[in-house]
Amino acid sequence: MEKVNLQFLSLLKSSLKDQAYEGEEIDFKNLIYIYKLSEIHHVVPMIYNAVYSQDFFQNSDDGFKSMFKSSAFRLIFSQIQRSSRFLEFNKKLREENVKFLVFKGIIFRNMYNNPDDRMSADEDIVVCDEDYDRVKEILTGEGLEFIDKGDECAYFCNNTGLCIEVSKSLFSEDSKAYGHLNDLFDDIFEKSIEIDVDGVSISTLSHQQHLIYIVFHNMKHFLTGGFGIRQVVDFFKYIESYGEFIDWKQFWSDLKELNYDTFALNLIDISLKYLGFDDSKVVYPDENYRFDDLKKSGKYYINSDSLISDILDAGVFGASTMDRKHTALMTLDAVEDNNSGNRLKAIFPGVDYLKGRYTYLQKYPVLLPVAWVQRIFSYMKNNHDNSKSYINTMELGKQRIALLKEYKIIK
């Protein structure tokens with residue numbers, strides 16, 4: 001791993017542990033790169049917390065220091081506004097007796113030493129079918145803008161930037177690659193729990209289901225372009241916070257059945273190597289209580305080097321580059337058919353993939369060829385060197401399919 005990436009991870013570890021950075025001095029060139037990394041991984045406030053008191057930072061360019069500080073403080077202030085507004089809507093929906101559960105977002109921030117340092121672009125809730133339309137009535141009545149996103153919808157607050165995403169299931173039922181994951185969540189309302197956030201009671205998934213959801217959610221994004229280091233942190237922070245409530249035998253059994261156990265073990269490997277994870281609450285497969293003993297057993301493939309490289313390159317939800325986003329169709333096809341990925345699907349995707357962007361497909365799927373033409377022209381407009389971009393997408397797609405094979409997700 002490159003030195004600057006190790007420095008970035010070391011700073012993140014210091015912030016997560018609420019401890020002073022004890023690594024080597026970081027030169028100005030690497031500081032700029034680390035700032036850019038913190039942006040694409042949405043951890044600017046965390047990295048600023050670790051770096052601002054260091055002499056090498058204080059002695060760096062004044063304009064850079066001011067920009068880094070203002071960026072961190074602006075993000076924190078914005079997050080405080082969005083969180084506060086969401087808690088108000090949470091109360092409103094509960095007062096109206098809407099049956100809903102909050103997941104990710106504010107639930108995860110509650111686990112951090114400095115909750116508002118952990119950014120959330122949106123807040124997610126899942127509702128019962130019978131309350132789906134009532135939520136629309138209530139939230140639009142409160143002045144939020146309704147956004148139709150196909151199999152889910154969202155509500156946007158223009159004053160704070162808060163976006164509430166609302167769905168009837170945790171994963172798209174239409175997806176061949178991960179729609180089946182909903183089978184483990186058909187009783188989430190029966191098993192739901194209450195968590196206190198800033199004195200407000202929030203209904204959420206049971207700890208068992210929330211932890212398995214984190215793995216599934218990361219896997220979903222791993223298949224559709226990748227995911228960032230913050231998603232790894234959410235995983236191990238959840239274990240540190242609630243590990244004693246987890247039925248570990250069932251957890252590993254559920255993952256093994258889906259071929260996700262190797263993936264999860266390598267997330268833990270990254271957490272232990274680079275982020276200061278305290279795994280004292282974990283029981284590993286085969287009743288192992290020490291990760292090193294599990295590795296020495298040789299029964300599992302644990303080598304996270306390729307995975308951490310992909311994570312650092314991806315940014316939050318694999319959005320670091322357009323080339324990476326375009327690989328999603330190849331990796332999804334590889335998982336759906338357990339093959340090497342169809343390159344044509346990266347150019348001519350199906351209705352399910354495009355209906356969110358080209359909403360007319362929701363009512364008129366026969367217009368798929370029209371959407372293909374629109375998509376190709378848009379791609380050409382945004383990529384002046386089309387042949388080079390296509391080659392990059394295909395090559396990156398092959399590399400990411402190789403990762404799926406390395407971590408036993410496909411054969």
message: How many angstrom lie between the Cα centre of region 34-52 and the Cα centre of region 180-227?
response: 26
field: Computed lengthening from LEU6 to SER66, 0.36 nm per intervening residue step minus Cα-Cα distance
entry: 19.2 nm
field: For region 293-303, 3J(HN,Hα) per residue [Karplus equation, 6.51 cos²θ - 1.76 cosθ + 1.60, θ = phi - 60°, Hz, x = Gly/Pro]
entry: 5, 5, 5, 5, 5, x, 7, 10, 7, 10, 7
statement: Rg/Rh of region 109-181 (Cα atoms, Kirkwood Rh), to two decimals, equals 1.03
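Below 8 Å between Cα atoms, with a sequence gap of 6+, how large is the relative contact order for region 228-285 in percent? Can you show the working numbers first?
Details: 32 pairs, mean separation 32.7, N = 58.
So the answer I get is 56 percent.
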- line: Among LYS237/LYS295; LYS104/LYS281; LYS69/LYS149; LYS17/LYS405; LYS168/LYS411, the pairs whose Cα-Cα distance exceeds 30 Å are LYS69/LYS149; LYS17/LYS405; LYS168/LYS411
field: Relative contact order (%) - criterion: Cα under 8 Å, at least six apart; region: region 1-135
entry: 23
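Only the coordinates and a few stated rules stand behind these numbers; no lab work does. Just so it is clear, the structure is predicted and the values come from calculations on it, not from any experiment.
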